[in-house]
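Since the structure comes first, as structure tokens, the remarks are kept for the end.
The values are calculated or read from the model by the stated rules, or taken from the named source; none is laboratory data. Everything quoted here is computed from the prediction, not taken from an experiment. Every residue, glycine among them, receives a Cβ derived from its backbone with ideal geometry; neighbour counts consider all protein chains shown. Remember, those area values only see protein heavy atoms, side chains included, never the ligands or the DNA or RNA. Shrake-Rupley method; radii C 1.70, N 1.55, O 1.52, S 1.80 Å.
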Number of protein chains: 2
Amino acid sequence: MTQQTMRRTLLLPATLCGLAILTVFNAFAPAEEGMWTLDNPPLKQLKERYGFEPSKEWLEHLRLSSVRFNDGGSGSFVSSHGLALTNHHVALGQLQKVSTAEKDYVKDGFYARTLAEELKCPDLELNVLVAQEDVSARVQGAAKKGMTGEAALKARKSEMAAIEKESLEKTGFRSDVVTLYNGGEYWLYRYKKYTDIRLVFAPEQLIAFFGGDPDNFTYPRHDIDFALVRVYENDKPIDSSTHHLKWSEHGADADELVFVSGHPGSTDRQTPMVGLEQQRDQMMPRAIKSRERRVAVLRQYAARGSEESRQAQRPIFYLENTLKAFGGMFDGLKDPELITKKRNDENEFRRLIAANPEWKKAYGSAWDEYAVSSKNYLTQMKPYRYRRLTGSNLVNMALQVVQYVAEVKKPDGERLDGFHDSQLESTRFELFSPAPVYPGMEEALLANTLQEAVDELGPNDPYVKAVLGGRSAAEVAKEVVAGTKVADPAFRKSLVEGGESAVQSCPDPLIALVRRADPFVREMHKWFEDKVESIEVAAGEKIGKARFEAYGKSAYPDATFTLRLSYGSVKGYPMNGTQAPPWTTFYGLYDRAHSFGLKYPYELPSRYVERKGMLDLSTPLDFVSTCDIIGGNSGSPVVNRKGEFVGLIFDGNIESLVGDYVYSGEKNRAVAVHSSALIEVLRKLYDAGGLADELQGTGGK
Amino acid sequence: MTQQTMRRTLLLPATLCGLAILTVFNAFAPAEEGMWTLDNPPLKQLKERYGFEPSKEWLEHLRLSSVRFNDGGSGSFVSSHGLALTNHHVALGQLQKVSTAEKDYVKDGFYARTLAEELKCPDLELNVLVAQEDVSARVQGAAKKGMTGEAALKARKSEMAAIEKESLEKTGFRSDVVTLYNGGEYWLYRYKKYTDIRLVFAPEQLIAFFGGDPDNFTYPRHDIDFALVRVYENDKPIDSSTHHLKWSEHGADADELVFVSGHPGSTDRQTPMVGLEQQRDQMMPRAIKSRERRVAVLRQYAARGSEESRQAQRPIFYLENTLKAFGGMFDGLKDPELITKKRNDENEFRRLIAANPEWKKAYGSAWDEYAVSSKNYLTQMKPYRYRRLTGSNLVNMALQVVQYVAEVKKPDGERLDGFHDSQLESTRFELFSPAPVYPGMEEALLANTLQEAVDELGPNDPYVKAVLGGRSAAEVAKEVVAGTKVADPAFRKSLVEGGESAVQSCPDPLIALVRRADPFVREMHKWFEDKVESIEVAAGEKIGKARFEAYGKSAYPDATFTLRLSYGSVKGYPMNGTQAPPWTTFYGLYDRAHSFGLKYPYELPSRYVERKGMLDLSTPLDFVSTCDIIGGNSGSPVVNRKGEFVGLIFDGNIESLVGDYVYSGEKNRAVAVHSSALIEVLRKLYDAGGLADELQGTGGK
């Protein structure tokens, strides 16, 4: 189960703190390692290892058939009529938003037999990468000689915002400047953006997430983790006849060369050792503790009743998923072998740089500078981490409203991320989402985040005093959630349209709470930019350039939730004293279910019991490949040499969790649903032959 | 896959050297640890943890229903008419001996539909433990005060032989004196002995050993590893109506209390650290190297053709099995956590002894004395290990002949083990076996053992000179095997009956070769007894007694291939980031087969493909329990509280391999075939309803 949840507000920065910003490229890519940008595909490796030379057209077709799901996943066009395929767990957020106490599409699944029955996703944006342009010279040139780190960072950010705005105005495409190779390169990515996305099909969660949290991030696996949406423009399905993936007749075969085209979220493969140590010793333990706390609160809430349980299901799922992934990453950071390897690599690289006087002068100090940012971080770690109002969707929206009206008054280059002109449309789309809000759950989450601040910072912390005013966290949360109208999208819209004066004079208790918190949030953000991020970025850029000098552009940049190509082969691996097979079958699904007496999370949806006899149980179900993926790749298509769809990425094995820091070709595996399994269940269990026809190109709407 | 191969000649002492002789008991038995003798069952633990109090009759019935297979495994009576159940891999030796190039019962399986069709095993002896008597006082009293270590060892051995002989003459039962608790106790075990054993049923090896070497010693597992033999006396099936295991209607259920009654071969749980370190650093690497060499030779031989492949199958199977087990044990010995734990336990025990002046005086020097034996061992390790003619069955028989005629002339107490009066009948039964000998394979193995001696000892070693006489190993092996008549049981019998003069004057080239080797073998054996074993035994006895003093007789002795009772519950365990289920099903068998494209070792016998539709695929196939077992337990029955048969032990999981040194309750699991699976295949795939009826007590012969 791999998913990177993209977050857009100041309150929810990248995974563990600013460290994920660092993106350096790996100079020694062994085996089938690598998440390659489409401008620099691993042509040499493919030719040498597989005798395969993808044409420009092959690459372009794959790029234009690939889709980014902006709430954190990947996908692809799989029919001529705008049908896009992703994971059930990527679509889960939308499925829950269109569900009600009466109609639970998460539990029961969903199938629109006609276009009319398709259900509009309240706030899902899809992106297709249509153009890439190297803007390194402009961004890097913006930081003039003699500027301080802070000023240089500001100048760069301002230039990036300007490039994005110009591009948006000129082309109308969503335009993002992406930092690659740790600042070694900056690229402008232009996306075709879709916001009218409608649900077409989802299986029951029991089968999509068969085995639940225990089997999550493991293999052999038996999940049918998929969902289908249709992309509309002008109230009509788009014409995707030119760029969609043709369905393979047989699907993935053992040992064959396959590719994954998707959007890995972030990796730390080039983070200096000092940064990794800080993650291990400071950030990771706190990140885990916070999430464990939140899961406990949600479990308590879910225990109140079946409707509460339904509401809490999705956030619990994401938190457990994150916790299991963090556990694996944490284990990796504590693995002496891995740490020794990474330290040796870094020492070797630093020796190389130190040996050349010119390089030494230009880049030699970078690691010590980076260490300063880590040291600085420690001085304010607790206030930076706990003076936030994280974890409640409702509070998050209130904060976005309060910050929105203040930010848009500033020059574009000076705004917080998420509020640049080029981003406003996406931000408003999300902020005005009609998706339901569950006040009981929001209250529990808000009480938790307030109480966590008390527990970690003490009752005398100025932020704690400001938000609580001497009362208990539970009292404040109860009163605020009971009295607020922020749950109403029209109210949020009216405030945003009313501007700063409307927000400042608004008597809504949640808006008032956020107004009291906002100065602290901004203060800590500024501190982080000045004392941590700016130093990290400057040092990181030096390290990135040093790598270019020393090794050339022979490898791939750390992941950035932008389109990447991975390659590898369908292959089992040594496991548990024996070998994991290249794929599982439907036999394995029934084995695992009966091995645990059909008890949750090994329960089967009733159709899987009643219609079992219709299935060819030897059909491949899930398979593994050596492709290098990470959270955010969820829903990525797996294609063969012909560019045909052969599988759907939905997870990595337990051995891949360390992939945040290092790729192990021997045991790291990407887990995918086999294309044949999708057709098998659509036709035989769901009476969805029409949909199967559309996928296989033998019919359509 | 667990099996202890019992060896009886001087040339093939216990697993790794004399160290396995050491049997001390474990004073702190956590969780469900323990292989308990039937005179000292874990009544307290069973009552406290399970509220279960087995009666004397319950224990006696289980003992008298349990059977030792003297070629290295365990089993049980399972019908009124002498039917005994064990593993296919325990019966494998006999199956191969009755097979020919034309009729391969290993490959095709075997089923005697009538008593007349049952096939007599050429050299299988079964034992049932009918009585146990504590003879500690007599054995320990034989070593008088003031005797040297060597003299004391001799005196004890002589006394043990005398006790065995007396018992045999008095009762007619096979009589073995067993060293328990590291010499803390000696017990006389009397066995009812059966030698007319006939094969009744065996499935195809493909399904008995499904998954082959890769899946061996792992779980989840899908083997149907069983065979049925019938025990005869006076050419009639014995009447086992009083003592056989009733077949359970439903078989093992999740979480239920179960027992294993079998014959664990040997453990080193109480070996002092210095002994374990020697195993790790000296013995284990050489033991592995020797076996790898032998496997390579056999693979080369098997590659010559299909008949050669058939001949080599069984020895390759056993060697691979041993190598995988050794690998796990070796990993255990290299595991810093395990080593630290064992060292701390030992230090704590030694502190306790040192703190009591009386104990200190009596036992305090034992560890240092033990260390002397380890040091001595190093001085002659290579000649001791390589001046042998191991690894060829034919050569082994020749050596037994040569030693037999010399040994029987000595007083009983002075003979080599295997040639005491009480043992002669069993030795002759095995030595005169009509089982086929394959000269080509024997030649390859003899050439290998001779060449190994050259490689390890050098061409100028006196033993090498004596056996090769300046020629090459290959030449000598070729000539000797071509010219010998030792393959003929009548020839062997004539030599044994002709006595020493017949053997000394025999011109047979193999007998001549063995005559040249025998003095070296004896010399090294004597050196080992004098300089290693006698010191170990004396030190070990002190340690054993020290434990009795310090902790009382509250635990179990190390394994000794004698009857033991283990208990535990049917339970999965944490594995590979998720959980292993309590059992697998037939669905899992088909899953694994199809996951590997039905390729060897995941190929299925044709009846499993053709008749698949007849099976209830949700039937439990293999299951795991926390029972503490080790090699030698292969074929042991698993019984429930009612003493009913619920499963058939055939293996331990990969986490159990370290069980030679320590039991881990969290992950150590015994793997068994579920009783329901046996009935399912007998009735539905093999048309063996009559046999199933006999097992279930609903019919019989």
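Here is how the numbers come out for the structure above:
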| item | result |
| --- | --- |
| Where labels lie 7 Å past Cα in the beta-carbon direction, separation of A:Glu497 and A:Lys612 in nm | 5.7 nm |
| Cα-Cα over 24 Å, subset of A:Lys154/A:Lys409; B:Lys44/B:Lys553; A:Lys56/A:Lys157 | A:Lys56/A:Lys157 |
| Extension gain from A:Tyr600 to A:Asn234, taking 0.36 nm per residue of separation minus the Cα-Cα distance | 127.5 nm |
| DSSP-loop chymotrypsin sites (Phe, Trp or Tyr not before Pro) across the stretch B:372-433, with at most 12 other Cβ within 10 angstrom | none |
| Assigned charges on the beta-carbon of Lys, Arg, Asp, Glu; the stretch B:120-248 dipole about Cα centre (debye) | 560 debye |
| In the stretch B:638-701, the GluC sites (Glu not before Pro) that fall in loop regions by DSSP, at most 12 other Cβ within 10 Å | B:Glu666 |
| The stretch A:62-197: equivalent-ellipsoid semi-axes (sqrt of 5 x gyration tensor eigenvalues, Cα, Å) | 39, 16, 12 |
| Ascending list, in nanometres, of distances separating the B:Pro519 label from those of the other copies (7 Å, Cα toward Cβ) | 10.4 |
| Shortest-first nm distances, A:Gly552 label point to equivalent points in other copies (7 Å, Cα→Cβ) | 7.7 |
| Dipole in debye (nearest 20) - the stretch A:540-651, about Cα centre, beta carbon charges: Lys, Arg +1; Asp, Glu -1 | 220 debye |
| Value of Rg to Rh for the stretch A:370-425 (Rh from inverse mean 1/r over Cα pairs, i.e. Kirkwood) | 1.09 |
| Distance between modelled label sites at A:Ser365 and B:Arg286, nm, 7 Å Cα→Cβ extension | 6.2 nm |
| Projected-area mean, the stretch A:107-157, by convex hull of Cα positions, square nanometres | 7.8 nm² |
| From phi via Karplus (6.51, -1.76, 1.60), per-residue ³J(HN,Hα) for the stretch B:234-250 in Hz, x at Gly/Pro | 6, 6, 10, x, 5, 8, 10, 5, 6, 10, 8, 7, 6, 7, 5, 5, 10 |
| Ranked order, A:Arg304, B:Arg230, A:Arg299 - accessible area, probe 1.4 Å, largest first | A:Arg304, A:Arg299, B:Arg230 |
| Accessible solvent surface per residue of the protein assembly as shown, calculated while the other protein chains remain in place, 1.4 angstrom probe, Å² | 36 Å² |
| Positive dipole terminus of the stretch B:368-471, leading residue within B:Leu399, B:His420, B:Ala371 (C-beta point charges) | B:Leu399 |
| Computed E for A:Glu549/B:Thr379 - FRET, C-beta separation, R0 41 angstrom, nearest 0.05 | 0.10 |
| Cross-link reach list, aspartates and glutamates versus A:Lys103, counting only Cα pairs under 18 Å and skipping chain neighbours closer than eight places | A:Glu117, A:Glu118, A:Glu204, A:Glu307, A:Glu308 |
| Amide H partners (placed H, <5 Å) of A:Glu185, local residues excluded | A:Leu180 |
| Using a Förster distance of 30 Å, the FRET efficiency for B:His250-B:Tyr50 (Cβ separation, nearest 0.05) | 0.95 |
| 20 Å Cα-Cα reach of A:Lys599 towards lysines, excluding residues that sit fewer than 8 places from it in its own chain | A:Lys107, A:Lys612, B:Lys571 |
| Inter-chain Cβ neighbour average for residues B:572-578, partner chain, 10 Å | 6 |
| Selection from B:Gly141, B:Thr114, B:Ser79, by position along the positive dipole direction of the stretch B:64-154 (Cβ) | B:Gly141 |
| Whole-Hz couplings from phi, Karplus 6.51/-1.76/1.60, listed for the stretch B:480-490; x for Gly and Pro | 5, 5, 5, x, 8, 10, 4, 4, 8, x, 5 |
| Equivalent ellipsoid semi-axes - Cα gyration tensor, chain B, angstrom | 36, 33, 25 |
| Stretchable slack from B:Tyr686 to B:Lys144, in nm (0.36 nm times residue separation minus alpha-carbon distance) | 188.9 nm |
| Which of A:Gly631, A:Ser595, A:Met614, positive extreme of dipole for the stretch A:533-644 (C-beta unit charges) | A:Met614 |
| For the stretch A:587-701, average projected area of the Cα convex hull in nm² | 9.1 nm² |
| Cα-based convex hull volume of the stretch B:221-315 per residue, rounded to whole Å³ | 271 Å³ |
| At 7 Å out from Cα toward Cβ: A:Glu133 inter-copy label distances (nm, ascending) | 10.1 |
| Computed label-point distance, nm, for sites B:Ala490 and B:Ala474 using a 7 Å Cα→Cβ extension | 3.6 nm |
| Residue-averaged 222 nm ellipticity for chain B, from DSSP H runs of 4+ at -39500 (n - 2.57), nearest 500 | -14500 deg cm²/dmol |
| Mean shadow area of the stretch A:277-402 over all directions, Cα convex hull, nm² | 11.1 nm² |
| Three-way shape call for the stretch B:394-543 based on the alpha-carbon gyration tensor, with the a/c threshold at 1.5 | oblate |
| Sequence-distant lysines (8 or more away, or on other chains) whose Cα lies within less than 16 Å of B:Lys289 | B:Lys324, B:Lys382 |
| Hull volume in cubic angstrom per residue (convex hull over the Cα atoms of the stretch B:468-542) | 143 Å³ |
| Sparsely packed trypsin sites (Lys or Arg not before Pro) within the stretch B:588-657, loop by DSSP, other Cβ within 10 Å at most 16 | B:Lys599, B:Arg611, B:Arg641, B:Lys642 |
| Size of the protein assembly as shown as Cα extents on the principal axes (Å, biggest first) | 116, 66, 64 |
| The stretch B:560-606, Cα convex hull volume normalised per residue, Å³ | 184 Å³ |
